[in-house]
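The values are calculated or read from the model by the stated rules, or taken from the named source; none is laboratory data. Note that the structure is predicted; figures quoted are calculated from it, not measured. Virtual Cβ from ideal backbone geometry, glycine too; neighbours counted across all protein chains shown. All accessible areas refer to the heavy atoms of the entire protein, side chains included, with ligands and DNA or RNA removed. Shrake-Rupley method; radii C 1.70, N 1.55, O 1.52, S 1.80 Å.
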Amino acid sequence: MAEGGASANDLEAVERVRLYLEEHGYGGKITVTDKTIFTVKDAADAIGVEEGSILKSLLLLVDGSPMLALLSGSSRLSSQKVKKLLGVRRVRMAPPDFVYNYAGYKIGGVPPVCYPDKLEALLDENVLKYDVVWAAAGSDHAFFPVSPEELARLTGGRWANICKDDVELEEDK
C-alpha cells in the first residue's frame, strides 16, 4: 500500500483526476486519507460531514452506453425517472468490472470527472441543497470538495430530478 492507505494503482487514478481538475480550472485540493470513503457513511465519517453532502458518482449504462448520474449521498437513483427524462429503454448501474475496465476506477472511488470519453452527466437537483459536496477522486481513500455550480461546470452536466421520492421509496419496501 502507498500513502494514505491507497494502492499504487489507486494513486495513479487519483493523479489522473488531479491533473484533469487542474487542467479544467479547479482551484481546490484532493485529500488522500487512511480512512476509507467506500460507502457514503464511511465518507461522511472520514470527512466529518452529513451523508447528504457526499456526492455519489454513479456510472450507468443507458441503452448500453455509459453516462454519469451525480446525486446527494442521502438520495437514491430512480431508473424510471432517468428513462423518462432521456426517452430510453434501459438504465442500469454499470457493473464494477465494467467501471474498472472502462475508466480505471474501483467502486467507492468513482469520481464525477475524468473519463476516456466525454460522458453525459445528470446532476440531481438535491445536490443544490449544499454549498459544497465531497466527491471521490479516483480511490476509496481520496476526495475533493466542490460547489454544485463548479460541479456542473466541470462535468458539463445538466440538472434534473433523477432521485426516488418518498412515494417510490415506500413502494420499494
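Here are some notes:
- Positions within the range 133-157 being farther than 22 Å from Glu15 by Cα and in contact (Cβ under 8 Å) with a residue 40 or more places away in the chain, in sequence order: Gly157
- Qualifying residue in the range 62-74 (condition: out of contact with any helix residue (DSSP H, G or I) (no Cβ under 9 Å at 6 or more places or on another chain), modelled with pLDDT of 95 or more, over 26 Å from Glu22 (Cα atoms) and outside any loop (DSSP other than H, G, I, E, B)): yes
- Among (1) open to solvent by 80 Å² or more (accessible area, probe 1.4 Å); (2) touching a residue at least 60 places away in the same chain (Cβ under 8 Å); (3) out of contact with any helix residue (DSSP H, G or I) (no Cβ under 7 Å at 6 or more places or on another chain); (4) not charged (D, E, K, R), the one test that Asn161 misses: (3)
- Residue selected from the range 30-54 under the condition under 22 Å from Leu123 (Cβ atoms) and assigned to a loop (DSSP other than H, G, I, E, B), by the criterion most open to solvent (accessible area, probe 1.4 Å): Glu50
- Taken over the range 95-108, residues that are within 20 Å of Val146 (Cβ to Cβ) and not in a loop (DSSP other than H, G, I, E, B) amount to 1.
- Given (1) surrounded by fewer than 16 Cβ atoms within 10 Å (Cβ to Cβ); (2) closer than 16 Å to Gly138 by Cβ, number of the condition Asp10 does not satisfy: (1)
- In the range 109-138, residue surrounded by the fewest Cβ atoms within 10 Å (Cβ to Cβ) [restricted to those that are assigned to a helix (DSSP H, G or I) and not polar (S, T, N, Q)]: Lys129
- Cβ-Cβ under 8 Å pairs, at least 6 apart or on other chains, the range 90-104 side free of Cβ contacts under 8 Å to residues at least 12 places away in the same chain, far side of a type outside the set (A, V, I, L, M, F, W, C) and open to solvent by 40 Å² or more (accessible area, probe 1.4 Å): Pro96/Lys106; Tyr100/Lys106
- Looking only at the range 75-107, and only at residues there that are in contact with a helix residue (DSSP H, G or I) (Cβ under 8 Å, 6 or more places away or on another chain) and under 23 Å from Leu19 (Cβ atoms), the one that is least open to solvent (accessible area, probe 1.4 Å): Tyr105
- Filtering the range 59-90 to residues that are farther than 20 Å from Val110 by Cβ and basic (Lys, Arg) leaves Lys81, Lys83, Lys84, Arg89, Arg90.
- Cβ pairs under 9 Å, 6+ apart, first in the range 73-85 and in contact (Cβ under 8 Å) with a residue 24 or more places away in the chain and under 23 Å from Ala46 (Cβ atoms), second surrounded by fewer than 15 Cβ atoms within 10 Å (Cβ to Cβ) and among the aliphatic types (A, V, I, L, M): Arg76/Leu169
- Residue check, Lys173 open to solvent by 20 Å² or more (accessible area, probe 1.4 Å), in contact with a strand residue (DSSP E or B) (Cβ under 9 Å, 6 or more places away or on another chain), at pLDDT below 95 and not acidic (Asp, Glu): no
- Inspection of the range 149-159 identifies at least one residue that is modelled with pLDDT of 95 or more and assigned to a strand (DSSP E or B).
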